[in-house]
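What follows is calculated from the coordinates using simple rules that are stated; it is not laboratory data. Keep in mind the model is a prediction, meaning the values are calculated, not measured. Cβ sites come from the backbone with ideal geometry, for glycine too, and all protein chains shown count toward neighbours.
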Amino acid sequence: MTEYFDIPHIGKVLFDEFLEPLNLSQNALAKAINVPSNRINAIIRGQRGITADTNLRLTKYFGLTKGYFLRLQAELELLESERKIENDLSNIVPIDYNSLKKVSG
């Protein structure tokens, strides 16, 4: 049986890797990026994902590349989904493009 580590929500990453080490409160971050504090709170609590708008504000504030949080969020979601459907995925046979007849046009 495969052992897995817990896949964190993007909000946990935001808190653990950015807010906590910088001793930055959720309210201070919200004010700095000009969003309602309940948006940051919902992200941190795992009740909301990061939108493109919030991503742009966060990456500007933290000096990161534009898509940093969206790419990380997508990767975390893919890992979680892959775990959930790994049995189904193992039964899918990839298409063999070489065996398809070419249609001349």
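Neighbours of R45, meaning other residues whose beta-carbon lies under 14 angstrom from its beta-carbon, give a summed charge of +2 when Lys and Arg score +1 and Asp and Glu score -1. Dipole orientation for the chain: of the candidates L70, A42, L58, L58 has the Cα lying most toward the positive pole (charges on Cβ; Lys, Arg +1; Asp, Glu -1).
Label separation (K60 vs N38): 2.4 nm, computed from points 7 Å beyond Cα along the C-beta direction. With a simple spin-label model that places each label point 7 Å from the Cα along the Cα-to-Cβ direction, the separation between R83 and D6 comes to 1.0 nm.
Within the straight-line cut-off of under 25 Å between alpha carbons, the lysines reachable from K66 are K12, K31, sequence neighbours fewer than 8 places apart in one chain being disregarded. The slack between D16 and Q47, meaning 0.36 nm per residue of separation minus the straight C-alpha distance, is 9.5 nm. Which chymotrypsin sites (Phe, Trp or Tyr not before Pro) from the range 1-59 combine a DSSP loop assignment with at most 12 other Cβ atoms within 10 Å? Here the chymotrypsin sites (Phe, Trp or Tyr not before Pro) that fit, given the DSSP loop and packing criteria, are Y4, F5. When +1 charges are put on Lys and Arg Cβ atoms and -1 charges on Asp and Glu Cβ atoms, the dipole computed for the range 10-85 relative to its Cα centre reaches about 260 debye. For the range 10-85, the Kirkwood estimate of the hydrodynamic radius, built from every pair of different alpha carbons, is 12.6 Å. In the chain, Cα pairs under 8 Å separated by at least six residues give a relative contact order of 24 percent. Calculated [222 nm] ellipticity per residue, helices only, for the chain: -14500 deg cm²/dmol; basis is -39500 (n - 2.57) per DSSP H run with n ≥ 4, divided by all residues, nearest 500.
Sequence-ordered 3J(HN,Hα) estimates for the range 81-92 from the Karplus curve with 6.51, -1.76 and 1.60 and θ = phi - 60° stand at 5, 4, 4, 5, 10, 4, 5, 4, 4, 5, 8, 8 Hz, glycine and proline given as x. Each residue, N23 and L100, gets one label point 7 Å from its Cα in the Cβ direction; the gap between the two is 5.9 nm.
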